[in-house]
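A short worksheet on the structure shown next.
The values are calculated or read from the model by the stated rules, or taken from the named source; none is laboratory data. Since the model is a prediction, treat every value here as computed from it, not as a measurement. Here the Cβ positions follow ideal geometry from the backbone for every residue, glycine too, while neighbour counts run over all protein chains shown. We work out accessible area using only protein heavy atoms, side chains counted, and drop any ligands, DNA or RNA first. Shrake-Rupley method; radii C 1.70, N 1.55, O 1.52, S 1.80 Å.
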Amino acid sequence: MTDVNHWIRAELRELQAYAVADATGLTKLDAMESPYPWPEALRAAWLAQLNAVELNRYPDPHGAVVKTRLRQLFSLPDHQALILGNGSDELIQLILMAVNAPSRTVLAPVPSFVMYRLVSQWLGLRFVGVPLQADFQLDLSALLAAMAEHQPAVVFIAQPNNPTGNAFARADVAQVIAAAPGLVVLDEAYFPFCDEPLLDLLGGNVLVMRTFSKLGMAGLRLGMLMGAPVWLNEFDKLRLPYNVNSLTQASAAFALDHWDDFAELIRQIRQSRDELIHELQQLRGVTVFATQANFVLIRVPDGPQLFAFLKQQGVLVKNLHQPPLTPNCLRLTVGSAAENQLLINVLKNGLGNA
Ligand SMILES: *Cc1c(COP(=O)(O)O)cnc(C)c1O
């Protein structure tokens, strides 16, 4: 015990490990996973490909095949670099390890993706959160003032934002980029569902991050970071040599070879999202916020109570009851048609709308 207290950093001992809600036996609509398993025919071809993977050998340290196909998918210009991560979470960690030094600051709007703050804390970086406006758009004057004051090494902007779901105004993001003293990381985790991508802002001090997690491959853990080689070469030095394993590389290459099938799954999720939004809008007492992701944020009269009722009825969503910006809010991942119908029915009961 005393050894732990002596050797483990005090700040770390005070933190709790990142908790993932237990979803055993529940309909899982809390983590923005795709509701669809891969189609049967696709699975057979995929397994055949995995069969050829030589697990006795180390993976390709650079993921060259996956990178080449991703460059094509994203039409990435030749002069921009690309590195792969074990999910985009790992890429956030790499970026922050690279800039970490005493008195360095990381800045992001809040509420946003929690990993920006958590990884900063783990590394001893100071995290500054700048509240969004009531409509969940960027508070540009507050952001510019905070950037001038704190001179952040990195500004993270999720487009669209998690947990609110909205896309930020492009002109606002452009002003943040113009004023940023250091890096700006545009996190496009929900790019398959978003109509306002910012990938073309890439270059200079702007990096763009994407992931396969939200489009049916959360279990693979594959994230990608794009930007100028001068930056990415530095991050690459901190990347563990075989951070993306052989099975993930083979599976991702396969998915990229069969992209039409994934495009179809994405289309289905977008359609289910529109149907879910329509159903939610019919419910009395529910405010439905605009979304460009595969989830919908709603505000209800009593969020914590409704969250507990949903869970007791077998449906797990995310409780976002966090005043001042998201009091009584729930984040609902878009599920299959049947899951969405179940969700709506239980919501109706819980709200007394039946
Ligand atoms: C889900 C999510 C991620 C995490 O992606 P992984 O690739 O699964 O690590 C990153 N950013 C945002 C905004 C997310 O919502």
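Sites counted here are GluC sites (Glu not before Pro) in a DSSP loop (not H, G, I, E or B) having no more than 12 other Cβ atoms within 10 Å; the longest part of the chain that contains none of them is 55-354. Protein heavy-atom accessible surface, 1.4 Å probe, per residue over the chain: 46 Å².
With the convex hull of the Cα atoms taken as the outline of segment 217-306, the averaged projected area works out to 9.5 nm².
Compute the Cα gyration tensor for segment 193-243, then decide on rounded, prolate or oblate, letting a ≥ b ≥ c be the square roots of its eigenvalues: rounded whenever a/c is under 1.5, prolate when a/b is larger than b/c in the other cases, and oblate in all that remain. The shape class here is oblate.
For the chain, modelled as a GNM whose springs connect Cα atoms under 10 angstrom apart, the maximal fluctuation among 16, 159, 175 occurs at 16.
Bridging of residue 237 to lysines at a Cα separation below 22 Å is possible for 67, once same-chain residues fewer than 8 apart are set aside. Here the convex hull built on the C-alpha positions of the chain has a volume of 163 cubic angstrom per residue.
Rolling a 1.4 angstrom probe over the chain with all protein chains present gives an accessible area of which 53% lies on carbon and sulfur atoms.
Judged by the gyration tensor of its Cα atoms, with axes a ≥ b ≥ c, segment 29-113 is prolate; a/c meets the 1.5 cut and a/b is the larger of a/b and b/c.
Does segment 292-338 come out rounded, prolate or oblate by the C-alpha gyration tensor, with a ≥ b ≥ c the root eigenvalues, rounded set by a/c under 1.5 and, if not, prolate when a/b is larger than b/c and oblate if not? Since a/c reaches 1.5 but b/c is at least a/b, the shape of segment 292-338 is classed as oblate. Per residue, the chain reaches -12500 deg cm²/dmol at 222 nm when only DSSP H runs of four or more residues are counted, each adding -39500 (n - 2.57). Among 158, 250, 338, the largest mean-square fluctuation in a Gaussian network model of the chain (Cα springs under 10 Å) belongs to 338. Coordinate range of the alpha-carbon atoms in segment 70-174 per principal axis, descending: 38, 33, 24 Å. Taking amide H atoms as placed 1.01 Å from N in the peptide plane, the amide H of residue 168 lies under 5 Å from those of 161, each 5 or more residues away in sequence or on another chain. Centre-to-centre separation between the Cα atoms of segment 254-309 and those of segment 1-74: 23 Å. Which value, in Å² rounded to 10, gives the accessible area of residue 6 with a 1.4 Å probe and all protein chains present? Roughly 120 Å² of residue 6 is accessible to a 1.4 Å probe.
In a Gaussian network model over the chain where Cα atoms closer than 10 Å are linked, find which of 22, 236, 261 has the largest mean-square fluctuation. Most flexible of the set in this elastic network: 22. Near residue 341: Cβ cut-off under 15 Å, other residues only, Lys/Arg at +1 and Asp/Glu at -1. The net charge is -2.
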